[in-house]
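Working notes for the structure below.
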Amino acid sequence: MVDISVTNLTKFFVIGENLLEGLTFEIQEGECVAILGRNGCGKTTLFNILTGQMDYDDGEVYVNPNKRLGLISQIPKFPMGFTVEDVLRSAYSGILKAKRKMEELEQAMLCGATEEQLRQYDDLCNRFQSGGGYEMDVEVDKICNGLGITSEQRTQDFSSLSGGEKTRVNLGRLLLEKTDILLLDEPTNHLDLRSVEWLESYINSFKGTVLAISHDRYFIDRIADRVIEITDGHAEFYSGNYSFYMDEKQARFDLQMKQYEQEQAKLKQLGYTVERMKGWGINNRTLYRRAMSIQHRMERIKKTEKPKTEKTMKATFGEKDFSGNVVFKLKNMAKSFGERTLFSDVNLTVEGGERIALLGDNGTGKSTFIKCLLGDEDCQGKIQFGPTVKWGYLPQIIHFDHPERSLYDTMLYEKNCTPQTARDRLGAFLFQGEDVFKTVGTLSGGEQSRLRLCMLMDEKINLLILDEPTNHLDIASREWIEAAIEEFEGVLLFVSHDRYFIDKFAERIWLLEDGTIRDFACGYAKYRSIIEHEQAAKPQAVAAPKPKKEKPKGGTKEQEKLIRRLEREIEKQEQLIAQLDEKIEAAAADYQELTRLLAEKEQAEDTLMEMMEAWEQAQVDT
């Protein structure tokens, strides 16, 4: 069953410039699909159209009317005085209303109940039970524990929360509503690692349909059945997770480039032949007609478009020579706010060339630790830097002293460089043309991060400190930052919840937890293994054995997803073989082409057999 269908969707904000142009795709019931694309390509606009918040200019949009649809980025307004608890329980507004009516009837029936009152009370009890009223408290606690919403936070006014905290609470509310179709717009942006892992587990066990916009590559790998990439207003389809998408995208690029180059070489050769025959055909009408025939054939050849290469930013961090072994030492470092201790008794030494990830849940004090290290916050203990250390810092929240200035003026004033140097450096970070005259205050979060990095990379540093460097950046921008960091040979200390980024760079991990910093001299994969081993070794509370539930006939959700995916792939493979049969029939007179097509068909049939065997095994496993 189709839950979402988009056909030839067109949306423009400027006449003649379509943001979405002929966008077409389908989402089947129970699928989990990731939507990828550069910032500004129309992903959020698509979600606003699906939820009815925004109109479109052409095409057809279908959302299953029998399903409840929820959008995670939409934060509703609540009455003043609404606490976080009130917002979460608004997901149960219907059954809470039934509960209030039940309580009113209970009071009315104290002195005797009529038959009509008993009938109403029975109806309300059934509605309360079927709506999950008796499990409501357990469900709210489970969601709050998973998303890290503390009991103290649950009593706070919703209006007093930060944007990220509101997003997290609204995510919890939406999950409690038992929505059938989830639209997730950057759901991991404001979540710590523990909460992201919990969300992944929730989505993988969710029986509904999920459509997720995300730049978190690790997250996409864990939850996506397939990927839809929006490029130039159109949709490109990939039948797998992020890793599959990356391999397949490169393979498609290589194939298209090879076809393009072969066609260009053939056209060049034909063009040379035409020119020679035209020259020879001045006095020979037969040769001239043959030359014109070849030229017409060249015009009819369906030409492969040259694949576009992504624009890349070309810049590296400036580096200052470092002499000595120790970059900095921390001795008995501690920081408290009133009675609350963020960390204490921190004794760490960092040497040249190390790459360190500072991890921990939200609110544990990671950013405060960085500020203490750089002298922006007072703390106890001793911090000693090496004599030749010069650091560069990219904060989590970007601030510019003069947001009214243009990018161009900001570079001139703050970096004290020539006009041409300012344009060159901004151009290296893809701020080109009229973009350099935008005011800094109008930039998006990702663009502000890019501008701050542009200014930071100009400095000669040997200690690079980054606080959530990939926030607000699309995948292409994240990959560019990673490429720049790979070239940096100094010390790297960073705070991040981007597991892909952590796994790529961390060679040492500091875990800020329970007021202390644990030092792991290893990368992210081994660190995760150690943590999981420690959790498994913890004594578990002995619970009464539960009766074993009979496995449902439909199999697990993952198994059902696998079967549906295999069926789609088998159908595509059968279509491919049918197309090859047509090509073989058309190439009957071309021995070389016929040989190639027969070999291709044999390989396609072998692949189909493997798919069929996998499908049969999946049916058995259910």
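The values are calculated or read from the model by the stated rules, or taken from the named source; none is laboratory data. Here the structure is a predicted model, which means the values were calculated and not measured. Every residue, glycine among them, receives a Cβ derived from its backbone with ideal geometry; neighbour counts consider all protein chains shown. Note: accessible area is taken over every heavy atom of the protein model, side chains too, but ligands, DNA and RNA are not part of it. Shrake-Rupley method; radii C 1.70, N 1.55, O 1.52, S 1.80 Å.
Can you list, by residue number, the Cys in the chain that have no neighbouring cysteine C-beta under 4.7 Å?
Taking the Cβ cut-off of 4.7 Å, the unpaired cysteines of the chain are Cys32, Cys41, Cys111, Cys125, Cys144, Cys417, Cys454, Cys522.
Looking at the chain, do any whole DSSP H helices span at least 27 angstrom along their long axis by alpha carbon and average 1.6 or above on Kyte-Doolittle, and which?
What comes out of the filter, once short or polar helices are dropped, is none.
Using the Cα centre of region 148-279 as the reference point, and only Cβ charges (+1 on K/R, -1 on D/E), how large is the resulting charge dipole? Debye, rounded to the nearest 20.
440
Just to verify a number: FRET efficiency for Gln575 and Gln264, C-beta to C-beta distance, R0 = 35 Å, to 0.05?
0.75
Under 13 Å from a label point 7 Å along Cα→Cβ of Ala108: give me every residue in region 121-135 with its amide N that close.
Within reach of a label on Ala108, which here means backbone N under 13 Å from a point 7 Å along Cα→Cβ, region 121-135 contributes 121-124.
Taking amide hydrogens as modeled 1.01 Å from N in the peptide plane, which residues meet the under 5 Å criterion relative to Phe12, leaving out close sequence neighbours?
Answer set, sorted by chain and number: Leu19, Asp57.
Ala235's amide H: which non-local residues (gap 5+, or another chain) put their own amide H closer than 5 Å, with H modeled 1.01 Å from N in plane and none for Pro or chain starts?
Thr24
Per residue, how much accessible area does the chain have with a 1.4 Å probe, in Å²?
Ligands and nucleic acids excluded, the result is 55 Å² per residue.
Keeping to pairs on different chains or 8 or more places apart, tell me how many lysine pairs in region 160-298 have Cα atoms under 29 Å apart.
Taking region 160-298 as the scope, the lysine pair count is 10.
Amide H neighbours of Glu377 under 5 Å, at least 5 residues apart or on other chains, H built in the peptide plane: list them.
Cys372
How far apart, in nm, are the 7 Å Cα→Cβ label points at Phe237 and Lys306?
3.0
Using +1 at the Cβ of each Lys and Arg and -1 at the Cβ of each Asp and Glu in the chain, identify which of Leu608, Leu443, Ala34 lies farthest towards the dipole's positive end.
After comparing all options, I get Leu443.
Taking R0 as 25 Å, what's the FRET efficiency between Met246 and Ser444 from their Cβ-Cβ distance, rounded to 0.05? Write out the running numbers ahead of the final one.
Working: r = 25 Å, r/R0 = 1.00.
The pair Met246/Ser444 has a calculated efficiency of 0.50.
Could you order Asp467, Asp137, Asp225 so the one with the most accessible surface comes first? Probe is 1.4 Å.
Values: Asp467 5, Asp137 85, Asp225 35 Å².
Ranked from most to least accessible, the order is Asp137, Asp225, Asp467.
Place the peptides 259-272, 209-222 in order of packing, highest mean first, counting for every residue the other Cβ atoms within 10 Å and averaging per peptide.
209-222, 259-272
Heavy atoms only, 1.4 Å probe, whole protein assembly: order Lys207, Lys97 by accessible area, highest first.
The most accessible residue leads, giving Lys207, Lys97.
Is there a quick way to get the dipole size of region 125-212? I mean about its Cα centre, with the Cβ of Lys and Arg at +1 and of Asp and Glu at -1; what is the value in debye to the nearest 20?
200
Ranked highest first by the average count of other Cβ atoms within 10 Å around their residues, in what order do 119-130, 562-573 fall? Kindly include the intermediate steps, with their values, before the conclusion.
On the way: 119-130: 14.5, 562-573: 16.0.
Averaged packing, sorted descending, gives the order 562-573, 119-130.
Tell me, in nm to one decimal, what length is gained between Tyr288 and Glu532 on full extension, where the rule is 0.36 nm per residue of separation less the Cα-Cα distance?
Numbers: separation 244, 0.36 × 244 = 87.84 nm, distance 7.79 nm.
The Tyr288-Glu532 span can extend by a further 80.1 nm.
Kindly report, to the nearest 10 Å², the accessible surface of Thr7 as traced by a 1.4 Å probe over protein heavy atoms only.
50
Order the following by accessible area, largest value first: Cys111, Cys417, Cys454. Probe radius 1.4 Å; ligands, DNA and RNA are ignored.
Cys111, Cys417, Cys454
Around Pro403, what is the net charge, scoring Lys/Arg as +1 and Asp/Glu as -1 over all other residues with Cβ under 14 Å from its Cβ?
-2
Quick one: putting +1 on the C-beta of Lys and Arg, -1 on the C-beta of Asp and Glu, what dipole do you get for region 19-59 around its Cα centre, in Debye to the nearest 20?
Computed charge dipole of region 19-59: roughly 280 debye.
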